[in-house]
Amino acid sequence: TAEEYGLPVFNTDAWQNKIRHLDDAGEFKVYLGKDNVIISFLANKIESKIINENIVFGFDKHQSLCSLEIKNVGIEVKDNLKEVANEGTIVAP
């Protein structure tokens, strides 16, 4: 998996028409690790990562954002995620 450091650049062409989000009924999963949280939007294989301090953006071979990993997450944040996980699937060790 290729790794770069910095912030990803996203295509914002649709924003010209004031479209800031798409209503997507797609499923996502939240994985809780010992000190990290991974939110997986697509099950595609991660081919590249862009790392910005505690945030890791995972992209597939088409450069679609597939996952976000948040590192150094405290127990309070993980407990809150467990409580509000009605929209996705929480997977905890």
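Applying 0.36 nm per residue to the separation of N36 and D79 and subtracting their alpha-carbon distance, the gain on full extension is 14.3 nm.
For segment 43-85, the share of accessible area belonging to carbon and sulfur comes to 50 percent (1.4 Å probe, ligands and nucleic acids excluded).
Distant-in-sequence amide contacts of S67, defined by a placed amide H-H separation under 5 Å and a gap of 5 or more residues or a different chain, comprise F41, G58.
Label positions at D60 and K29, each projected 7 Å from the Cα along the C-beta direction, are separated by 1.4 nm.
The values are calculated or read from the model by the stated rules, or taken from the named source; none is laboratory data. Because the structure is predicted, anything quoted here is derived from the model rather than measured. When we count neighbours, we look across all protein chains shown, and the Cβ atoms used for this are built from the backbone with ideal geometry, even at glycine. Side chains included, ligands, DNA and RNA excluded: accessible areas come from the protein's heavy atoms. Shrake-Rupley method; radii C 1.70, N 1.55, O 1.52, S 1.80 Å.
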